[in-house]
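Novice: Quick one: this structure, given as structure tokens, is what I'll be asking you about.
Quick note: the coordinates plus some simple rules give every number you see, no bench work behind them. Given the structure is predicted, the values throughout are model-derived calculations rather than measurements. Positions of Cβ are generated from backbone atoms using ideal geometry, with glycine treated the same way; all protein chains shown enter the neighbour counts.
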Amino acid sequence: MKKASWLLCLLAPLAVQAGPVSNTAVGDAVLPGEHQAVPRIATVDWTIAETLLALGVTPLAMGDVDSYRAWVGEPRLPAEVVDIGLRAQPNRELLAELKPDLILISPLAAPLEPTLSRIAPVQSIALYEPDTDLWQRLHEATLTIAELVGKTAEAKRQLATLERDLAQMKGQLPADLPPLLVVQFIDERHVRVFGRHSLFEAVMNRLGLRNAWQGETNAWGFSVASLEQFLSISQARLVVVDPVPVGVSERLQEPGLWQHLPLVKQAPVIHLPATWSFGGMLAARRFATLLSEALRGEAGSASINQGAAR
């Protein structure tokens, strides 16, 4: 329990991930057919909650509701979703009062399972695991969750539509774009930079975009890097994903290392609204849409400027 709590603190609010099924389940949850009643599901995992919402199912309860709104952005969380407190330490008394039919967790929250299973059947769903095909697991996670709520047909439709739309976005992007360096700020000198095994890189691959970060990443697909490590990277575009910690934007405007980075001096930084970097299919769509719109918008502006110059 101490180890898991330490990991959650280190990665918070990013640590608890969700995705396709691991074969860990407690109790016998009744799987609804397409016309059966949807179970009342509580979860401590934002990705599971996001996926449920994408399928048209509102979770009964979820952990860290306020932080979800800051870090996930979309889909909006309905007001009736009950906040059961910290994802690492949910309010078990409140959860017991709510009487959920099923509780969904990720493997990182496994230490919670013995006590949560006294309240309702618990199922663990895993996505971010080393040496796995993240995109394939993303599909499996969506279908696993969909089966639990009788939305398999809808999930298959959404997955097929996403693949089609990503291919369409790829065809609309300008040719010969430079590699992208995608980061989220930790403080004014350190960032999470996303690479292999990240949702962001998986989406970039399907858009035909190159990732400038080829360094090692952890099981969640990112490395913690200092800005000094970017001094040697010049042929790339920098993409910053919100939220930015309070006060960091102001400090970056002051003279210092940030202002001297080749990435910052050579081209405008691309800023994207909050997108859950450890999310599911809806987060993948959101990131693809926001990034492709930003890149196409820049290309359009450049064409207009060139035409005016002539």
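Novice: Could you work out how far apart the two model spin labels at Ala167 and Thr115 are, taking each label as a point 7 Å from the Cα in the direction of the beta carbon, and quote it in nm?
Specialist: The two pseudo-label positions are separated by 4.9 nm.
Novice: Shape of the stretch 116-236 from its Cα gyration tensor (a ≥ b ≥ c, root eigenvalues): rounded if a/c is under 1.5, otherwise prolate when a/b > b/c, or oblate?
Specialist: oblate
Novice: I've got another one for you. Using 0.36 nm times the number of residues separating Gln235 and Arg189, minus their current alpha carbon distance, what extension gain do you get?
Specialist: That pair, Gln235 and Arg189, stretches by 14.5 nm at full extension.
Novice: What ranking do 177-183, 208-214, 57-63 get when scored by the average of other Cβ atoms within 10 Å per residue, highest first?
Specialist: Answer by packing, highest mean first, reads 57-63, 177-183, 208-214.
Novice: If you don't mind, there's one more thing I want to ask. List the residues of the stretch 73-105 whose backbone N lies under 18 Å from a point placed 7 Å from the Cα of Asp66 along the Cα-to-Cβ direction.
Specialist: What the label zone holds, given the 18 Å backbone N cut-off, is 73, 77-91.
Novice: For the stretch 48-203, give the magnitude of the charge dipole about the Cα centre (Cβ charges: +1 Lys/Arg, -1 Asp/Glu; no others), in debye to the nearest 20.
Specialist: Charge dipole of the stretch 48-203: 140 debye, to the nearest 20.
Novice: Would you please classify the overall shape of the stretch 176-310 from the alpha carbon gyration tensor, given that a ≥ b ≥ c denote the square roots of the eigenvalues, rounded means a/c under 1.5, and beyond that prolate means a/b larger than b/c while oblate covers the rest?
Specialist: Oblate, because a/c is 1.5 or more while a/b does not exceed b/c.
Novice: Thr58 versus Arg40, label points 7 Å from Cα toward the beta carbon: distance in nm?
Specialist: Simple spin-label model gives 1.3 nm for this pair.
Novice: Using Cβ contacts closer than 10 Å as the measure, can you line up Trp135, Trp276 from fewest to most?
Specialist: Trp135, Trp276
Novice: Let me know the shape class of the stretch 206-249, please: from the alpha-carbon gyration tensor, a ≥ b ≥ c as square roots of the eigenvalues, rounded when a/c is under 1.5, otherwise prolate if a/b is greater than b/c, or oblate.
Specialist: rounded
Novice: Students often check this: by mean Cβ neighbours within 10 Å, which of 39-48, 252-261, 155-164, 189-198 ranks highest, and how do the rest follow?
Specialist: 39-48, 189-198, 155-164, 252-261
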